[in-house]
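Student: The following block contains the structure, expressed as structure tokens.
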Amino acid sequence: MAILRPFQGILPSNKLAQSVSSPPYDVISSKEAQLMAKDNPNSFLRIIKPEINSNEVNSFTDIHQYASNLLKDFIKNGILKKDLNNCFYLYQIKMGDHEQTGIIAATSINEYNQNKIKKHEYTRPDKENDRTQHIKITQTNTGPVFLTFKNDGHYSNIIKNVQDYRPYINFEAEDNTEHTIWRINDLEKQNQIIDYFQSISHLYIADGHHRAASAARVQNYFQNKNPKHKGNEPYNFFLSVIFPDNEMKILDYNRIIKDLNGLSEKQLINLIEKNFFISRTDKNKPTKINNFSMLLNNNWYNLEFKRNILYNDPVDSLDASILQNHLLEPILGIDNPRTNKRIDFIGGIRGLEELERRCNTDAAIAFALYPVSINDLFCVADANKVMPPKSTWFEPKLRSGLVVRSIKGND
């Protein structure tokens, strides 16, 4: 079962939502965030990436304490306002012709710890430490964990009629995505949502592994500090948005390598030909699995994996694994893509043009991959395994600052 509960969200008004909301903290650099928030004092980036407030944050020994104080100021000044009643929230995102609609809820950390909320990525200790401190000091979930589930076809009945009412928030973000939020404060509708998700065996993390892991660490911290811990305190849950699997959109996640590992272009191509059919092509993304687009010396190539192998392991069969195991490691010397400084990863939303730009600045070769499917993610997570790093790029991205959740007091 999936345990959900409504909560008192902390939201901007519809008038301020566009200026407050921001991309997630982990998809843009501090420099990019600083430029984005430069002329916008209401930007939620100032809270989730407090290091960008360089002039003010220097007087604080902990940047997350600055974030906590700024969040309090946002609430005090009416930029954000806490709902009086417990609510679920319906969150719809539109990007071009694509549309997805999910439930914003508080989700059980106990189920996360029991692996009923399944993972497909490792987390990095440094990132986990950073978000743990952020949650612990601000005592809020400032960014949601992006979850999905296997839709049994009845989900649409659960959210039916909610969108008939006027939304609380509706705006278009700077990336041309449209974001709409409805409050669900009707007790009967809330109970329908709770009952429905209790019939769902597992939730799956699509994006936000570090936020989930950090929330679990914070839960353990507050539990140990509370001699009257009961298990239903707000810190036992984390903020999430849950979308059905049939509405998920996964883009490619591409690789660039900074040098050719001491090889000439001819030597490299000869080595690649041992495991891949290689041919010159126009600039195009791969159109099927086991095919890769390669950019080398301003020329595009199609690589088709030669081996027709039925892998028993769901991870080995992924294109990211095939590329890593048969080209990046044995030929280009990328031993561990999680830590090797010679590899970088480019989300598919940036297009092939970004690969060309990087190969003209600080990289020697680039590879574009075919996107993994949501079923690939389920297979890996159900096997309790993890995907290669940077295997999934979900679009559209959730906005931060639209619904914030306190982990202190009563929901």
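The values are calculated or read from the model by the stated rules, or taken from the named source; none is laboratory data. Model, not experiment: these values are computed from the prediction. Cβ: placed from backbone, ideal geometry, glycine included. Neighbour counts: every protein chain shown.
Student: If only one of LYS249, LYS189, LYS225 is of a type in the set (Lys, Arg), surrounded by fewer than 21 Cβ atoms within 10 Å (Cβ to Cβ) and within 20 Å of PRO23 (Cα to Cα), which one is it?
Tutor: LYS249
Student: Ok, one more. Touching a residue at least 12 places away in the same chain (Cβ under 8 Å), among the basic types (Lys, Arg) and surrounded by fewer than 16 Cβ atoms within 10 Å (Cβ to Cβ), is that true of ARG124?
Tutor: The answer is yes for ARG124.
Student: Looking at region 361-397 only, could you name the residues that are buried (at least 20 other Cβ atoms within 10 Å of the Cβ) and among the polar types (S, T, N, Q)?
Tutor: Of everything in region 361-397, those that are buried (at least 20 other Cβ atoms within 10 Å of the Cβ) and among the polar types (S, T, N, Q) turn out to be SER391, THR392.
Student: Next question. Give me a count of the residues in region 398-411 that are surrounded by fewer than 22 Cβ atoms within 10 Å (Cβ to Cβ) and assigned to a loop (DSSP other than H, G, I, E, B).
Tutor: 4
Student: I've got another one for you. Please work out which residue is farthest from the chain's Cα centre (by Cα), limiting yourself to region 320-353 and to residues that are without any contact (Cβ under 8 Å) to a residue 24 or more places away in the chain and in a helix (DSSP H, G or I).
Tutor: The qualifying residue farthest from the chain's Cα centre (by Cα) is ASN325.
Student: May I ask you to list pairs of residues, at least six apart or on different chains, whose Cβ atoms are under 6 Å apart, with the first in region 38-57 being under 11 Å from LEU70 (Cα atoms) and the second being among the aromatic types (Phe, Trp, Tyr)?
Tutor: Hits for this filter: ILE48/TYR25; PRO50/TYR66; VAL57/TYR66.
Student: Give me the residue from region 157-179 that is more than 27 Å from SER400 (Cβ to Cβ) and out of contact with any helix residue (DSSP H, G or I) (no Cβ under 9 Å at 6 or more places or on another chain) and, out of that set, modelled with the highest pLDDT.
Tutor: Per the stated criteria, the residue is LYS160.
Student: Out of the helices (runs of 4 or more DSSP H) lying entirely within region 1-116, which hold 3 or more residues that are crowded, with 19+ Cβ neighbours inside 10 Å and not assigned by TED's automatic domain parsing to the domain that holds ILE137?
Tutor: none
Student: Going through SER321, SER240, SER264 one at a time, which residue ends up being among the small types (Gly, Ala, Ser) and surrounded by 21 or more Cβ atoms within 10 Å (Cβ to Cβ)?
Tutor: Matching residue, one of SER321, SER240, SER264: SER240.
Student: Shifting gears a bit: Out of curiosity, is ALA368 in a loop (DSSP other than H, G, I, E, B) and in contact with a strand residue (DSSP E or B) (Cβ under 8 Å, 6 or more places away or on another chain)?
Tutor: no
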